[in-house]
Amino acid sequence: RTCDQLRCTACDFRVSLFNDYIWDQSCDYLFFRNNMPELSKLRAKMIKKKGARAYACQCSWRSIDELTDLQTDQRLRWVCGKH
(Lines give C-alpha, C1' and ligand atoms only; values in the text may rest on other atoms or scores of the structure.)
Protein backbone atom coordinates (compact mmCIF):
# COMPACT_ATOMS: atom_id res chain seq x y z
CA ARG A 1 0.00 0.00 0.00
CA THR A 2 1.07 3.51 -0.68
CA CYS A 3 0.35 6.67 1.27
CA ASP A 4 -1.52 9.09 -0.98
CA GLN A 5 -0.55 12.06 1.22
CA LEU A 6 3.24 11.97 0.82
CA ARG A 7 5.08 15.24 1.39
CA CYS A 8 8.72 16.08 0.68
CA THR A 9 10.65 17.53 3.62
CA ALA A 10 13.36 18.85 1.28
CA CYS A 11 11.23 21.05 -1.00
CA ASP A 12 8.03 21.10 1.12
CA PHE A 13 5.90 20.00 -1.84
CA ARG A 14 3.19 17.37 -1.90
CA VAL A 15 4.33 14.28 -3.80
CA SER A 16 2.16 13.75 -6.88
CA LEU A 17 1.51 10.26 -8.19
CA PHE A 18 0.38 9.15 -11.61
CA ASN A 19 -0.96 5.64 -12.16
CA ASP A 20 0.06 3.77 -15.32
CA TYR A 21 2.93 6.16 -16.14
CA ILE A 22 6.70 6.28 -15.76
CA TRP A 23 9.08 9.22 -16.17
CA ASP A 24 11.19 9.57 -19.29
CA GLN A 25 14.91 9.02 -18.64
CA SER A 26 15.64 12.58 -19.76
CA CYS A 27 13.88 14.04 -16.69
CA ASP A 28 16.07 16.19 -14.49
CA TYR A 29 15.86 18.42 -11.44
CA LEU A 30 15.12 21.60 -13.42
CA PHE A 31 12.25 19.95 -15.29
CA PHE A 32 10.43 19.20 -12.03
CA ARG A 33 11.48 22.44 -10.35
CA ASN A 34 9.96 24.45 -13.21
CA ASN A 35 6.88 22.34 -13.96
CA MET A 36 5.50 20.92 -10.71
CA PRO A 37 2.61 20.55 -10.08
CA GLU A 38 1.17 21.45 -13.51
CA LEU A 39 0.05 18.18 -15.11
CA SER A 40 -0.19 19.75 -18.57
CA LYS A 41 3.55 20.50 -18.48
CA LEU A 42 4.55 17.24 -16.79
CA ARG A 43 2.87 15.15 -19.51
CA ALA A 44 5.71 16.08 -21.88
CA LYS A 45 7.97 13.57 -20.07
CA MET A 46 5.44 10.94 -19.01
CA ILE A 47 5.39 7.54 -20.71
CA LYS A 48 2.33 5.29 -20.54
CA LYS A 49 3.12 1.95 -18.84
CA LYS A 50 0.32 -0.19 -17.49
CA GLY A 51 0.80 -1.22 -13.87
CA ALA A 52 3.51 1.36 -13.16
CA ARG A 53 3.32 4.53 -11.10
CA ALA A 54 5.27 7.78 -11.43
CA TYR A 55 5.97 9.82 -8.30
CA ALA A 56 7.38 13.35 -8.13
CA CYS A 57 7.77 16.38 -5.94
CA GLN A 58 9.68 19.49 -6.93
CA CYS A 59 13.12 18.01 -6.21
CA SER A 60 12.83 14.20 -6.56
CA TRP A 61 11.08 11.69 -8.80
CA ARG A 62 10.72 7.94 -9.13
CA SER A 63 9.14 5.49 -11.54
CA ILE A 64 7.95 2.30 -9.87
CA ASP A 65 6.86 -0.79 -11.77
CA GLU A 66 7.21 -3.44 -9.08
CA LEU A 67 6.67 -3.66 -5.33
CA THR A 68 9.28 -1.33 -3.82
CA ASP A 69 9.96 -0.03 -0.32
CA LEU A 70 10.56 3.69 -0.85
CA GLN A 71 11.87 4.03 2.72
CA THR A 72 15.05 2.21 1.73
CA ASP A 73 16.06 5.01 -0.66
CA GLN A 74 18.12 7.36 1.52
CA ARG A 75 17.98 10.16 -1.08
CA LEU A 76 14.20 10.53 -0.80
CA ARG A 77 12.85 12.87 1.84
CA TRP A 78 9.22 11.79 1.52
CA VAL A 79 7.10 11.33 4.62
CA CYS A 80 3.43 10.70 5.31
CA GLY A 81 1.60 14.03 5.39
CA LYS A 82 -0.99 12.57 7.80
CA HIS A 83 -4.50 11.49 6.98
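The values are calculated or read from the model by the stated rules, or taken from the named source; none is laboratory data. These numbers were taken from a predicted model, which means no experiment stands behind them. All Cβ positions, glycine included, derive from the backbone under ideal geometry; neighbour counts span all protein chains shown. These accessible areas exclude ligands, DNA and RNA; they are computed on the full protein's heavy atoms, side chains included. Shrake-Rupley method; radii C 1.70, N 1.55, O 1.52, S 1.80 Å.
Quick notes
- Within the set (i) 115, 27, 11; (ii) 30, 27, 23; (iii) 52, 32, 20, the number that Cα extents along the principal axes in Å takes when calculated for this structure is listed as (ii).
- Ligands, DNA and RNA excluded, the heavy atoms of D12 present near 100 Å² of accessible surface to a 1.4 Å solvent probe.
- The GNM of the chain, with springs linking C-alpha atoms under 10 angstrom apart, assigns the highest mean-square fluctuation among L67, L42, L17 to L67.
- Rolling a 1.4 Å probe over the protein heavy atoms of the chain, with every protein chain left in place, gives an accessible area that is 47 percent carbon and sulfur.
- Across the chain, the longest piece that holds none of the trypsin sites (Lys or Arg not before Pro) lying in DSSP loops with up to 11 other C-beta atoms within 10 Å covers 2-74.
- Full-stretch length increase - N34, C80 - with 0.36 nm per residue and alpha-carbon distance subtracted: 14.2 nm
- Taking 11 Å as the cut-off, the amide N atoms of segment 1-23 that come nearer than this to a point 7 Å along the Cα-to-beta-carbon line of T68 belong to 22-23.
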